[in-house]
Amino acid sequence: MQPVELPITSLQHIGIPVTNLEKSKAFYEKLGFTNVMESTFEFNDSQGTCVMMKLGGILMELYQMPSSELGKIKNRNDGHIDHIAFDVTDIDKTFLTLKTAGFIVLEDQPIFLNFWKNGCKFFNIVGPDGERLEFNQIL
């Protein structure tokens, strides 16, 4: 299999669904992380909250789903890391490259989120064991 050329520059973040965002923020703050971004997001007509915690070059995405979804997180048996995200310099080019190369892309197009100062765009692919890899461009 030939590798595709992608504009990946670094690991963007590791996403962890949490059941109590305040407790998780306090835990990571005690480890030395700082809250560098906090925003809400819509999911199934409800609202969740996402926080980016940073320590040096490490970025952790802690997100709490709407209360209607919390039971699904509590019942996971395989840990709580949800996805690994990579920074890219051109989200649209990356999307087209992976889609054309036959990767399983979960979104129909890159999704805009009102995170960070000017927002970001992301999409996910699925790996051979069901793992999600996110590609993210901070705008």
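Structure summary
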{"item": "Number of positions in the stretch 108-126 that are over 19 Å from Val36 (Cβ atoms) and surrounded by 12 or more Cβ atoms within 10 Å (Cβ to Cβ)", "result": "8"}
{"item": "Every pair of residues 6+ apart whose Cβ atoms lie under 7 Å, when the first sits in the stretch 109-127 and is more than 12 Å from Val88 (Cβ to Cβ) and in contact (Cβ under 8 Å) with a residue 24 or more places away in the chain while the second is in a strand (DSSP E or B) and among the small types (Gly, Ala, Ser)", "result": "Asn114/Ser39; Phe115/Ser39"}
{"item": "Yes/no for Ile81 being among the aliphatic types (A, V, I, L, M) and under 13 Å from the mean Cα position of the chain (by Cα)", "result": "yes"}
{"item": "Those residues of the stretch 1-16 which are surrounded by 14 or more Cβ atoms within 10 Å (Cβ to Cβ) and either among the acidic types (Asp, Glu) or in contact with a helix residue (DSSP H, G or I) (Cβ under 7 Å, 6 or more places away or on another chain) (or both), in sequence order", "result": "Leu6, Pro7"}
{"item": "Test set (1) closer than 24 Å to Ile138 by Cβ; (2) within 16 Å of the chain's Cα centre (by Cα); (3) at pLDDT below 85 - Ile14 fails condition number", "result": "(3)"}
{"item": "Hits in the stretch 47-75 (condition: at pLDDT below 85 and under 17 Å from Leu113 (Cα atoms))", "result": "Met65, Pro66"}
{"item": "Considering residues of the stretch 17-64 that are among the small types (Gly, Ala, Ser), surrounded by 13 or more Cβ atoms within 10 Å (Cβ to Cβ) and farther than 17 Å from Asn136 by Cβ only, the residue farthest from the chain's Cα centre (by Cα)", "result": "Ser24"}
{"item": "Top-ranked residue of the stretch 76-111 - restricted to ones that are within 22 Å of Met65 (Cα to Cα) and β-branched (Val, Ile, Thr), ranked as modelled with the lowest pLDDT", "result": "Ile81"}
{"item": "Number of the exception - Val4 against (1) more than 23 Å from Lys121 (Cβ to Cβ); (2) modelled with pLDDT of 85 or more; (3) among the hydrophobic types (A, V, I, L, M, F, W, C)", "result": "(1)"}
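The values are calculated or read from the model by the stated rules, or taken from the named source; none is laboratory data. Just so you know, these numbers come straight off a predicted model, no measurement behind them. Heads up, the Cβs are rebuilt from the backbone with ideal geometry, glycines too, and the neighbour counts pull from every protein chain shown.
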